[in-house]
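Taking it in order: structure first as structure tokens, then the write-up.
Bear in mind these aren't lab numbers, they're just calculated from the coordinates by the rules spelled out. This one's a predicted model, so the numbers in the text were calculated from it and none came from an experiment. Neighbour counts run over all protein chains shown; Cβ positions are idealised from the backbone, glycine included.
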Amino acid sequence: RDRNWIGAGVHALQLCPQVLAEKRSLGSRDGPPHLVVLVPLHSRAAGCDTLRLLQSQDSAVVRVDEGRAGGFALLCPRLKQRWRFVTAQAGDLHAVLDLAKVADSLLFILDPADGWDSAGEHCLSCLFAQGLPTYALAVPGGTDLPPKKRIDARKKLAKAIEKRFPEAKLFPLNTEQESLLLLRHLATQKQRHLAFRDRRAHLLAYAAEFVPSQESDLVGTLKVSGFVRGQTLDVNSLVHIVGHGDFQMSQVDAPPDPLSLNPRVVKGQKKSQDMEVQDDSVNGTDEMEEDVKVLMKADPNKQESLQSEVVPDPMEGEQTWPTEEELQEAEASLKANRRVVKVPKGTSKYQAAWIVDDGEEGNQEDDDDEDDDIDDDMMEEAVSQEGESSEEEEEPAEEECETMTVSECLRDDQYDEKVEEDEQMLERYKQERMDEMFPDEVDTPRDVPARVRFQKYRGLKSFRTSPWDPKENLPRDYARIFQFQDFSRTRKHLFRQIEKEETEGASVGWYVTLHVCNVPVSVMESFKEGKPLVLFSLLPHEQKMSVLNFLVRRHPSNSEPVRAKEELIFHCGFRRFRASPLFSQHTSADKHKLERFLRPDAALVVTVYAPITFPPASVLLFKQRSNGMHDLIATGSLLSVDPDRIVIKRLVLSGHPFKIFTKMAVVRYMFFNREDVMWFKPVELRTKWGRRGHIKEPLGTHGHMKCHFDGQLKSQDTVLLNLYKRVFPKWTYDPHVPEPVPWVRSESTLLVQEVEME
């Protein structure tokens, strides 16, 4: 026991220097500036007043205005600290989530009376699901209230934030002294780590410049300047621009640091007693052009490829011309199979081959049996081919049909146009309700034979223990994806390399300029509009496509039915994309049952085609409304990257007992012709009351059948027959996600929270 305590103490002592070094480097001369993102949670909580207060410090602080970005930098040479404050645009969900991915601290601005409104509640739900970095709560204003009402409002607000932020402290922000206390708290509080960003180099663009290529003005080189965070940045790795895609870098430059604690003084300018205010240009091109040093250039032999898919060869697996070795093996086998027989004179080789020896006559019966089996197989194949045309007509009604939500702006005065949308929603509610009451049950078609309609399905003795080959009947899309032989081992090996090996490149805290190749001009246009430009370096293989499985749980704020294969918007780690997922149960078995709807009471696994991402990584699922707003429907994390995960779709055919005997019963309404009964005769039957049995024989020509069970049936019981088929997701991956319409703010959520707490 003493050894355990001593070992734990030594381990803690070893970690203390690392923690202290990390805390001291953040915001210091050698580290990146402390990035603070202001997030207003109420329409009356103005971030500009907070920024004005934070700027009004003593004369030892240098303030650098950024103009366009809606923030500023705060430099304090006396304290050897530097901060960068950026304000998230109110109502812009993508901007808030992108800034929170790279922020060191979040500063939530609350309203002194109401705290946050419905839009602020939605923003907090998304931030908590994505992963919350270090945060602080500030309450500006409230001085115009009478003292008694001010105290009551503060108590009410403290009680409201207790549910969301149990250990948080409210910082009033009305005077310079209170703003200084807030700054000290931001600088000294313990930093929270987000796993998906700590293992990857990332930066928030401080300045950007677009250089068009010679071929086209729509594509060119984007020069992005910013401070490296997280890990060392290698020029040969790929970078992901959040919301725009993956790109290669050509070189990395080292321009002068615009936020240096010891700024250079240009000759001819007088030094004022107070530190000066330094203004930056809009695009930040001035600091790029002076004293730029090239740190490193990309090596084509070491640079990561942008290939994301495997190009399948249509001729792969086809018959080719035999090689010399194969011809020699064929000759040897012919010689080995030659036999010597006695034949009459004048007999040709062709006639001799038909002469049967005495020893072969005894095997004719076995050969006849084999021929019968072959004939049966050929008959089955012919029946299956006959049903392919009808299968193609009927199958999309069950599984290939998907509901697409199209972005379309609607005005409130066009009220009657929403009637059709309401009818569709009502139909979804009915389908979800029927699936809850009668899971996986379908009606046997009358116009198509059941053996043709369900020819791709099979019966299983046991869903849990019966074998299913994961490489059987794979779709063509599986030829385009990448698969690891052992994903967990590859992930551990990569993370071990990141922790132990030192990578050559731009170190954490350096101010660098990245030359990103073949970037569309739309990236620069969005940056000029004031949207944040966030870059993440990719680990090896993270640009390649595979099958990703997410473990999610439905968000309590969403109650609308969400059907499988419906287009959703994914925010996975540093990526966001659109895809049509499959839902399946989360179990420890090797087969997982498909769920037709997103269940509100259980965790489900979501399966899509998407670029490889190494967990841990959070995931948020959004559904786009017809008016362009994004609703948060589910949250969770990345479970695995595994194309061999088997998702099984189950169909249940139901019948009703017509005549009941001791252990026998006549069942009807499951099939409607004699051939279907004979076809499904090997499949085991079960009932809703727990009986098991099998089909004995058909009765008549209208689908009645005699069945044997392990006990006597009840008259109100239902006979079921389970059929199974493996399903795969659709290739609907789209990395371009439209910008959401700002969330409509409503009344304060404080009263609702009080009622819930009571």
Length gained when the stretch Lys169-His586 is fully extended (0.36 nm per residue, less Cα-Cα span): 146.3 nm
Between Phe728 and Phe463, 0.36 nm times their residue separation minus their Cα-Cα distance comes to what? 93.6 nm
Multiply the residue separation of Arg29 and His736 by 0.36 nm, subtract the distance between their alpha-carbon atoms, and state the gained length in nm to one decimal. 250.7 nm
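If you place +1 on the Cβ of every Lys and Arg, -1 on the Cβ of every Asp and Glu, and leave all else neutral, what size is the dipole of segment 529-681 about its Cα centre, to the nearest 20 Debye?
With only Lys, Arg, Asp and Glu charged at Cβ, the dipole is about 580 debye.
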May I ask which of Lys471/Lys591; Lys544/Lys649; Lys80/Lys528; Lys101/Lys531 have a Cα-Cα span longer than 20 Å here? Lys544/Lys649; Lys80/Lys528
Could you give the size of the charge dipole of segment 164-258 about its Cα centre, using +1 on the Cβ of each K and R and -1 on the Cβ of each D and E, expressed in debye and rounded to the nearest 20? 660
State, to one decimal in nm, how far the label point of Val666 lies from the label point of Ser333, with both points 7 Å from Cα in the Cβ direction. 5.6
